[in-house]
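These notes concern the structure reproduced below.
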């Protein structure tokens, strides 16, 4: 006697495993795996959308660095000017409230000079990756697995 017996629609081996069922589960699994890979590539933590957001953040940081570099150059030029010109250094010291011995400070209320301040750059807060979480992608893929399996196991009309 053969290891296989005819059951009408499928062939079942002597072990009792229905290979049609295994094939349906395998097809469903591979469909879900393919969906998971595609979703991860586009919408995942390291996907294309997250990469685009990372590029935008990098551009903002580069603009911030160029602004800070320009301010550094301006301050370095001012420092060199103060080192080379003693009169300018004395004027700057007086604007900060320092006086030589024997000098008296006179404050005029109509004329108050503001000290020039520099921005310290824009603080960019920490930002999470823009993609979907991995667990959400796995849940979607599992739902697809169940949907494909249900579709493959649904009874078909025969003519």
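Rule-based calculations on the coordinates, nothing more; no lab input. In this text, all values refer to a predicted model and were calculated from it rather than measured experimentally. In this analysis, Cβ positions are derived from the backbone assuming ideal geometry, glycine residues included, and neighbour counts consider all displayed protein chains.
Modelled label-to-label distance, residue 83 and residue 54, 7 Å Cα→beta-carbon offset: nm?
According to this spin-label approximation, the distance is 4.1 nm.
Considering only C-alpha atoms, what is the centroid distance from region 28-47 to region 69-94, in Å?
Region 28-47 and region 69-94 have Cα centres spaced 59 Å from each other.
How far is it, in nm, from the label point at residue 119 to the one at residue 38 when both lie 7 Å from their Cα along the line to the Cβ?
It works out to 4.4 nm between the two label points.
Taking region 23-110, how much of its Cα-Cα pair set, in percent, is spaced more than 21 angstrom apart?
The share of Cα pairs beyond 21 Å in region 23-110 comes to 67 percent.
Please work out how much length the chain gains when fully extended from residue 153 to residue 22, using 0.36 nm per residue of separation minus the C-alpha to C-alpha distance, in nm with one decimal.
Value of the extension gain: 46.0 nm.
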